[in-house]
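Data block below; observations after.
The values are calculated or read from the model by the stated rules, or taken from the named source; none is laboratory data. None of these values were measured; they are calculated from a predicted model. All Cβ positions, glycine included, derive from the backbone under ideal geometry; neighbour counts span all protein chains shown. The accessibility values were calculated without ligands, DNA or RNA, using every heavy atom of the protein model including side chains. Shrake-Rupley method; radii C 1.70, N 1.55, O 1.52, S 1.80 Å.
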Amino acid sequence: MIFKKEVKLKPTWRTTNVEKPGILVLSVLLRIPDYELKRFLTREDNYWRTWTIPKLGNPEIGNVEKERIITSPREPLRSALKKKILPRLERLPVSGICFGFRKGYSIVTNIELHLSARAVFSFDLRNAFPTVTKEIVKDTLMREMKLTEKLAIPLAKLVTYKEKLPQGSPCSPYIFNLVCKPMDRTICRYLSKSKGYHFKVTRYADNFTVSTPRKFIPEIVKENLLEIVERHGFNGHKIRYAEGKAVPRITGLTIVNGKIRIRRDLIERFRGMIHNRTLTPSHVQGIISYVRMTMGLPKRIANPYFAYLRWWYSEIYYPEKYTIQNFFTKKRMKEKVLR
């Protein structure tokens with residue numbers, strides 16, 4: 001008999017001994033084919049894209065950045081993250097002071113807790129998402145999801161890009177909330193020891209807000225809060241403090257006479273952007289939703305908005321058969337304003 005010489009095939013996927021068994025188990029748990037999961041991990045440049053968007057800066061608080069870097073996954077990675085991983089992350093509890101990236105919470109609910117405050121101290125986290133590395137994500141997944149290291153390593157690599165948490169992925173906001181969970185507990189534990197001040201603290205994404213019904217917040221409290229943030233690997237900036245008759249600003253909104261308002265210069269900027277007709281309908285609708293959620297729809301915004309809609313449908317979308325009566329009658333316009 002002639003025996004054929006045994007030929008050893010070269011592996012088509014390079015991996016470490018720690019990741020390889022975790023990939024097979026992870027593909028079964030997530031119900032993703034193992035060959036597709038291997039492509040996501042080894043060819044990440046093919047499944048991620050990066051671009052920039054304009055950033056509304058405020059020079060008064062040191063925010064002079066003009067662009068924000070967004071990194072989002074391409075298909076089919078985006079569908080896998082959104083349908084397979086995100087539902088499992090949303091089942092995990094976050095801290096009680098977290099008001100961002102949660103169902104039923106918004107910037108309005110975040111600022112409502114501080115309407116009766118007499119002194120407000122707020123600050124942001126500098127480069128919050130890029131500061132979270134793959135190792136931090138791995139440790140967080142092992143702590144919150146009770147995963148072994150073999151499963152946490154490929155899962156952390158799947159939700160990160162170039163060893164960092166991308167800003168633009170559907171899973172990044174909730175992972176960031178889980179990463180900030182120990183820091184939130186430390187801040188709450190520290191503020192609870194300050195008896196007599198009755199501090200209220202909230203966190204919306206990377207923005208912390210601390211308020212009190214007392215006339216002022218001691219300097220030692222502010223310094224200790226920033227020190228706690230640095231102890232957990234972040235850096236605080238855009239520091240704001242308001243007391244007495246000063247108008248506090250929280251997540252871009254202001255409190256005037258106990259009511260939530262948008263800054264006047266921001267309203268004028270929104271009005272100019274809509275009036276110049278340089279934005280797409282989706283961007284305009286996002287601005288309108290933001291304004292309507294916070295303070296209704298004032299005429300200063302409503303008039304250029306309806307003019308933009310008439311222009312879009314008459315000259316861009318459907319120029320031949322368009323009539324104002326078919327799309328937006330005066331009655332519908334009034335109903336939209338009153339909503």
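The label point for residue 126 and the one for residue 39, both projected 7 Å from the Cα toward the Cβ, are 4.1 nm apart.
Taking all protein chains as shown and a probe of 1.4 angstrom, residue 101 keeps an accessible surface of around 90 Å². How many angstrom lie between the C-alpha centres of the stretch 207-262 and the stretch 158-195? The stretch 207-262 and the stretch 158-195 have Cα centres separated by 19 Å.
Extension gain, residue 275 to residue 193, is 24.4 nm, computed as 0.36 nm per intervening residue step minus the present C-alpha separation. Taking all protein chains as shown and a probe of 1.4 angstrom, residue 249 keeps an accessible surface of around 80 Å². Defining a contact as two alpha carbons under 8 Å apart and six or more residues distant in sequence, what relative contact order in percent does the stretch 124-197 show? Over the stretch 124-197, the number comes to 34 percent. When 81, 24 are compared by accessible area at a 1.4 angstrom probe, the order from most to least is 24, 81. Protein heavy-atom accessible surface, 1.4 Å probe, per residue over the stretch 172-298: 51 Å². Counting protein heavy atoms only, the stretch 145-256 has 52 percent of its accessible area on carbon and sulfur, 1.4 angstrom probe. Between residue 261 and residue 297, the simple label model (points 7 Å from Cα in the Cβ direction) yields a spacing of 2.2 nm.
For the pair residue 247 and residue 223, what calculated FRET efficiency results from E = 1/(1 + (r/R0)^6), where r is the Cβ-Cβ distance and R0 = 25 Å, to the nearest 0.05? Once rounded, the FRET efficiency stands at 0.55.
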